[in-house]
1. Within region 298-310, which residues are in contact with a helix residue (DSSP H, G or I) (Cβ under 8 Å, 6 or more places away or on another chain) and in a loop (DSSP other than H, G, I, E, B)?
2. So which residues in region 130-168 are of a type in the set (Gly, Ala, Ser) and closer than 15 Å to ARG203 by Cα?
3. Any residue in region 41-54 that's over 14 Å from ILE98 (Cβ atoms): show its pairings with residues that are in a helix (DSSP H, G or I) at Cβ separation under 8 Å, as long as the two are six or more apart or on different chains.
4. Any idea how many residues of region 243-293 are closer than 26 Å to GLY46 by Cβ and open to solvent by 40 Å² or more (accessible area, probe 1.4 Å)?
5. For the subset of region 294-326 comprising residues that are open to solvent by less than 30 Å² (accessible area, probe 1.4 Å) and of a type in the set (Ser, Thr, Tyr), which member is farthest from the chain's Cα centre (by Cα)?
6. Under 6 Å between Cβ atoms, which residue pairs at least 6 apart in sequence (or on different chains) link something in region 155-182 that is on the phi < 0 side of the Ramachandran plot and crowded, with 23+ Cβ neighbours inside 10 Å with a partner that is in a helix (DSSP H, G or I) and of a type in the set (Ser, Thr, Tyr)?
7. Could you say whether any residue in region 151-161 is of a type in the set (Phe, Trp, Tyr) and out of contact with any strand residue (DSSP E or B) (no Cβ under 7 Å at 6 or more places or on another chain)?
8. Just give me the residues in region 190-217 being assigned to a loop (DSSP other than H, G, I, E, B) and open to solvent by 30 Å² or more (accessible area, probe 1.4 Å), in sequence order.
Amino acid sequence: MKINPSRRLFCAGIVATAYSSSTFAQNAAPLTGRPLTIVVPYAGGGAADSVLRPLAQKLQDRLGRPVIVDNKPGANGVIGTHHLLRLPADGNTIMFHITSLVQSLALSRGKPPYDFNQDIAPLVFLGRQSVVLVVPGNGPWKTFPELAKAITAQPSQFSYGSYGAGSTSHIYGEALRVALGVEIPHVAFKGTAPLVQEMLGGRIPMAFVSATTAVERDPDKSLRSVAVAAPKRLELLPQVPTLLELGYPGFESTGWWGLFMKAGTPSTVADPLLAAIRTALQEPDIQARLRQAALEPSAETPAQISAVMRNDYQFWERLSKRFNITTD
């Protein structure tokens with residue numbers, strides 16, 4: 001039986017009364033003693049670690065079973081995703097992932113390595129994260145209108161950077177270039193760190209970066225945030241207007257961090273696990289870590305998350321085709 005997000009969450013005692021003892025023992029086994037593994041399809045030491053490892057400890061305390069964070073990086077998250085899909089749908093392994101779970105498929109013209117609609121079942125969003133347009137803090141542009149005026153006056157003096165070809169940073173950079181009606185080159189980097197280094201050196205005049213990076217650089221003004229790609233202003237950067245406010249629609253799709261499991265996991269396993277995760281996410285120290293990662297609260301149900309994923313796929317597919325950006 002596949003996960004049914006609309007069903008009421010069951011605790012172990014209620015499940016026991018609804019199923020025979022043999023069925024209950026089979027379905028409840030993953031909740032009693034066997035390790036729960038959280039697969040992270042990215043290298044360790046990133047921003048996600050600061051949230052996931054404390055969250056794993058909270059879950060371990062609540063579930064009474066070991067909870068392991070297992071980094072399996074590679075192929076833009078595909079290696080970790082395939083690892084999950086090779087395992088039984090028994091609830092002993094869940095996966096952390098971000099928007100690229102669907103975005104990378106939307107940007108590919110080849111055969112998809114998995115079907116997120118059929119193969120993967122959402123549990124919960126940890127939060128939503130926007131990207132922010134930043135410029136070097138020691139540069140002459142203090143607002144987006146100043147930057148836009150300078151670009152349109154002398155486009156040959158500008159380029160835009162990204163933290164990876166085919167990333168949100170790249171796609172939104174291209175969308176902004178087109179919106180401004182200019183021809184400026186794109187400079188792709190392998191990650192945020194080298195991009196920021198080049199911006200601090202004054203060699204890259206602007207880029208979309210994650211809200212986490214923008215917030216980290218805001219206190220010392222080494223990078224200046226001039227616009228947010230989000231439906232509304234960010235709680236941690238309330239002084240920074242959205243591109244929509246500034247008259248540039250089409251930059252409202254936000255990214256997300258989420259936990260997922262293999263489709264087909266019994267609801268008798270998924271529902272108690274979801275309840276434990278939601279409770280752990282409300283712990284004050286976990287909430288503080290989510291805020292530090294510049295994640296905006298998100299309370300979608302699994303069914304709503306599935307709808308978000310489908311909408312996001314369509315959004316990024318449209319932009320991919322419009323700007324001819326692919327990951328192939």
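The values are calculated or read from the model by the stated rules, or taken from the named source; none is laboratory data. Model, not experiment: these values are computed from the prediction. Counting neighbours? That spans all protein chains shown, and the Cβs are built from the backbone with ideal geometry, glycine included. What goes into the accessible areas is simple: the full protein's heavy atoms, side chains included, and nothing from ligands, DNA or RNA. Shrake-Rupley method; radii C 1.70, N 1.55, O 1.52, S 1.80 Å.
1. Initially, region 298-310 is screened for residues in contact with a helix residue (DSSP H, G or I) (Cβ under 8 Å, 6 or more places away or on another chain), giving 300, 302, 306, 309-310.
The one that is in contact with a helix residue (DSSP H, G or I) (Cβ under 8 Å, 6 or more places away or on another chain) and in a loop (DSSP other than H, G, I, E, B): GLU300.
2. GLY137, GLY139, SER156, SER159, GLY161, SER162
3. SER50/ARG289; SER50/GLN292; PRO54/ASP285; PRO54/ILE286; PRO54/ARG289
4. Going through region 243-293 one residue at a time, the tally reaches 12.
5. Here the residue is SER320.
6. Every condition considered, the pairs that remain are SER162/SER169; TYR163/SER169; TYR163/THR192.
7. Yes, region 151-161 contains at least one residue that is of a type in the set (Phe, Trp, Tyr) and out of contact with any strand residue (DSSP E or B) (no Cβ under 7 Å at 6 or more places or on another chain).
8. LYS190, GLY201, GLY202, ARG203
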